[in-house]
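Okay, so here's the structure we're looking at.
Laboratory data are not the source of any read-out in this text; all were calculated from the coordinates shown. Values in this document were obtained by computation on a predicted structure and should not be read as measured data.
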Amino acid sequence: MPLIFDLILLAVSIFWLGTAVTGLTLWKGLSIGNGLMPGAASGIMIVMLLITISKTLRAKKINRQYFEDSFKAINWREMIPLLIAVGCVAGTFLIGMLLTMTVMVFCWLRFLSGYGVRRSALTTAGSMLFIYGIFKLWLQVPLPRGLLGIL
């Protein structure tokens, strides 16, 4: 499984390096541009991943059995936060950030942490009111509203 994650990270790094070099400015006069840091970070990451991948390919025999053993060794429950993060990105796009955060916090407290419905609802309501008061009312930050335009 480490080889699969390394290849996924390599693809992401190549994408960000290409974006930084082609779409952003690396230098702005004598100062650095907004693409220098993502470009440098993704370049360093590409070099490190290529070293790691080459070590893995030299040290282990990569065949079907390697991938089967890798998938059997995964604790899929540990992937839940990754799925929640992907769901939050999709939810922010669809229903907006505040509603997505509200649903995510309630579900996390209720189902992953094992709190009761009342405690989860009160904690969610309090934290969302706090976030709404700070960011929306006081600082007037334009939070993403999503396709539905709610809140």
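So for the chain, averaging the separation of alpha carbon pairs under 8 Å that are six or more residues apart and normalising by length, what relative contact order in percent results? Provide the component values of the computation, followed by the final result.
Values: 117 pairs, mean separation 30.4, N = 151.
Computed value for the chain: 20 percent relative contact order.
Which three extents, in whole angstrom, do the alpha-carbon atoms of the range 106-151 cover along their principal axes, largest first?
The Cα atoms of the range 106-151 stretch 33, 24, 13 Å along the principal axes, largest first.
At what distance in angstrom do the alpha carbon centres of the range 1-29 and the range 123-151 lie from each other?
Centre-to-centre distance over Cα atoms comes out at 32 Å.
Name the shape class, rounded, prolate or oblate, that the alpha-carbon gyration tensor gives for the range 27-78, where a ≥ b ≥ c are the square roots of its eigenvalues, rounded holds for a/c under 1.5, and otherwise prolate holds if a/b is larger than b/c and oblate otherwise. Mind showing how you got there, number by number?
Working: a/c = 6.15, a/b = 2.39, b/c = 2.57.
Oblate is the answer for the range 27-78, as a/c is 1.5 or above yet b/c matches or exceeds a/b.
What is the P(r) of the chain, as percent of Cα-Cα pairs per 5 Å bin from 0?
P(r) for the chain, in whole percents per bin: 2, 8, 10, 11, 11, 13, 14, 13, 10, 6, 2, 0.
Name the residue, out of Gly18, Gly29, Gly43, whose mean-square fluctuation peaks in a Gaussian network model built on the chain with Cα pairs under 10 Å.
In the Gaussian network model the winner is Gly29.
What is the ratio of the Cα radius of gyration of the range 41-118 to 2.2 N^0.38 Å, with N the residue count, to two decimals? Show your work: numbers first, answer last.
On the way: Rg = 19.0 Å, N = 78, 2.2 N^0.38 = 11.5 Å.
That ratio works out to 1.65.
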